[in-house]
Amino acid sequence: MTPEPRRWWLVAAAMVAFLVTGAGWALASPIGGSPDDNYHLPSIWCPRPLEGSGCAVRVVEGKVQVEVPEPADASHCHAFKPDQSGACTTTMFSDSRTTWTHLVDQGDYPYGYYQVQHLFVTADVGTTVLLVRAVNVTIAVVLLTVITWLLPAARRRLLLLAVLLSWIPLGIYLIASVNPSSWALTGIIAFAASLLGAAESTGRRAWGLAATAVVGAALAFGSRADAAFFCAVVAAAVLVLQPQAWRRVAVVVPAVVGAVVGLAVFATSGQAGALGITEEKGTFAGRLARNIYSIPEYLADFYGYSRGLGWFDTPVARVTALIGIAAAGAALWAGAGRLSWRTLLSGGLVLGAIGGVPTLIMTRQGSLSLSVYQPRYMLPLLAVFFLVWLSNHTLARIRPAHLVAVVGAPAVAASATLYWVLRRYVTGTDVPGVNLDRGVEWWWNIPVSPMTLWVLCSAAFAVGIGCAVAATARSAAATPPAADPEEVAS
């Protein structure tokens, strides 16, 4: 069940490299750098029940307000202003002063994320933000490393590839943020990979994966209502893909419980109200057709094609987005060569949810395009789709040219995106030049400069991918269990 002894150093090196990478991304943006931080930070400071959170609470004009440190509500000074650096978060706001805000969770989000992150609240908002980001990065890296160790040999590289195909650039940015979507991303892929591995395992390995599936589901339940719903989608996809899963208690129990609890969390959350009709524009059929037409652009936005990071004000180079889209297309082509009817049905179920959920919601709300629905909401399912789609494909034979692509493409895309995140917040996008250390307007009080951080973080990510690929080289030589002996295409 354990990797070869001589490969332990590669596993350890990969974990350390990915932790360094996550730390770099956590430092790349200021307070309020992730979307809706003016809601999430006050909710971390004052989690439900508000009366017992330690925050002062009042009602003004029928709206419940909580008192938080000023910087917790500082994102508006730079959000939607790409030329404005993050300096305003330190020059305009002080930890010694407070402000009142009604943007706080009162039941819209599940119980869990805010309550746990509240444990890391300190008197300094900046320190708290970095602690929360570091916790989220550590959870993702450690949990996925443990799952990779427990997975059957032939599945280890598959998990790595699914994450690389899905999380760059948007996913890696959200993982290292205070946004609950961090837990949603980690939890859903952990739940899916664990169930898939448990379906192909026996004994301690299967029960270990059942335990990590429970951890993944718990992260999803506590993050977002839609992530809780995704647990039902994942459970159905795995049970369709792996017929033997129905005979494995270590799979059926966490899958069924995860699906039932996930649906219950979704139904009782305020986010479920998004399914209601808010405004009608034209006929239902007409709106549906327009939204279906916009699905390809919506999928491209997973890679930042037309939307930036953060508050959509942090640019993603078009070439970076195209690298991600091209890699996804190559994976689709490779997976299509070894389809079984179960793979096709399971992958179609996940892909149908990715495109169908926003289409249904936007159509009912009267929208004529999916552009209003943020890609990060559905992003957790993208890695699950690739996990399913490539499940019949052997990843053992990677030629030198392929190795360069597997390691180089995501490393270059992540490095380019990190550079623009740093540029946007260190000086604002209106400052020209390559050197991030020139004309610094905002930065943390640390002995590492923005340019040095970018170089170290970029190198660490490339090293992490390379070590992970090398560590799973012998494991990938194992033949993956077929989802079904009958192939639709060969």
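The values are calculated or read from the model by the stated rules, or taken from the named source; none is laboratory data. Predicted model, so just to flag it, every value in this text is computed and none were measured. For neighbour counting, all protein chains shown are included, and Cβ atoms are generated from backbone atoms with ideal geometry for every residue, glycine included. Calculation scope for accessible area: heavy atoms of the full protein, side chains included, ligands and nucleic acids excluded. Shrake-Rupley method; radii C 1.70, N 1.55, O 1.52, S 1.80 Å.
Before moving on, here are some points about what is shown:
- Filtered by the rule that a residue be surrounded by fewer than 24 Cβ atoms within 10 Å (Cβ to Cβ), touching a strand residue (DSSP E or B) at 6+ places or on another chain (Cβ under 8 Å) and under 13 Å from GLY126 (Cα atoms), the range 20-73 gives PRO69, GLU70.
- Residue, modelled with the lowest pLDDT, within the range 226-270, restricted to residues that are small (Gly, Ala, Ser) and surrounded by fewer than 22 Cβ atoms within 10 Å (Cβ to Cβ): GLY270
- Scanning the range 230-246 for residues that are touching a residue at least 24 places away in the same chain (Cβ under 8 Å), assigned to a helix (DSSP H, G or I) and closer than 15 Å to VAL256 by Cβ gives CYS231, ALA232, VAL233, VAL234, ALA235, ALA236, ALA237, VAL238, VAL240, ALA245.
- Given (1) under 30 Å from TRP420 (Cα atoms); (2) at pLDDT 95 or above; (3) outside any loop (DSSP other than H, G, I, E, B), index of the condition ALA12 fails: (2)
- In the set (1) polar (S, T, N, Q); (2) over 30 Å from LEU322 (Cβ atoms); (3) touching a helix residue (DSSP H, G or I) at 6+ places or on another chain (Cβ under 8 Å), the condition left unmet by THR202 is number (3).
- Residue in the range 185-197 that is of a type in the set (S, T, N, Q), at pLDDT 95 or above, part of a helix (DSSP H, G or I) and crowded, with 24+ Cβ neighbours inside 10 Å present: yes
- Considering (1) of a type outside the set (Phe, Trp, Tyr); (2) modelled with pLDDT of 90 or more; (3) on the phi < 0 side of the Ramachandran plot, the lone condition that THR472 does not fulfil carries the number (2).
Table: residues versus (1) in a helix (DSSP H, G or I); (2) more than 23 Å from ALA237 (Cβ to Cβ); (3) at pLDDT 90 or above.
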| position | (1), (2), (3) |
| --- | --- |
| ALA285 | yes, yes, no |
| PRO296 | yes, no, yes |
| LEU299 | yes, no, yes |
| VAL316 | no, yes, no |
| VAL350 | yes, no, yes |
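- Matching residues, the range 423-442, being without any contact (Cβ under 8 Å) to a residue 60 or more places away in the chain, touching a Ser or Thr at 6+ places or on another chain (Cβ under 9 Å) and at negative phi: ARG423, VAL431, LEU436, ASP437, ARG438, VAL440
- The residues listed here are SER43, SER75; of these, the one that is at pLDDT below 95 and within 30 Å of THR417 (Cβ to Cβ) is SER75.
For every residue, the table says whether it meets (1) open to solvent by 90 Å² or more (accessible area, probe 1.4 Å); (2) among the small types (Gly, Ala, Ser); (3) under 28 Å from LYS81 (Cα atoms).
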{"site": "LEU288", "(1), (2), (3)": "no, no, no"}
{"site": "SER294", "(1), (2), (3)": "no, yes, yes"}
{"site": "GLY304", "(1), (2), (3)": "no, yes, yes"}
{"site": "ALA336", "(1), (2), (3)": "no, yes, no"}
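- In this structure, SER29 does satisfy being in contact (Cβ under 8 Å) with a residue 60 or more places away in the chain, in a loop (DSSP other than H, G, I, E, B) and either small (Gly, Ala, Ser) or within 30 Å of HIS102 (Cβ to Cβ) (or both).
- Restricting attention to the range 363-382, the residues that are open to solvent by 10 Å² or more (accessible area, probe 1.4 Å), aliphatic (A, V, I, L, M) and modelled with pLDDT under 90 add up to 2.
- Test for SER458: is it in a helix (DSSP H, G or I), at pLDDT below 95 and open to solvent by less than 50 Å² (accessible area, probe 1.4 Å): no
- Where PHE80 falls short, out of the listed (1) assigned to a helix (DSSP H, G or I); (2) among the aromatic types (Phe, Trp, Tyr); (3) over 30 Å from GLY464 (Cβ atoms): (1)
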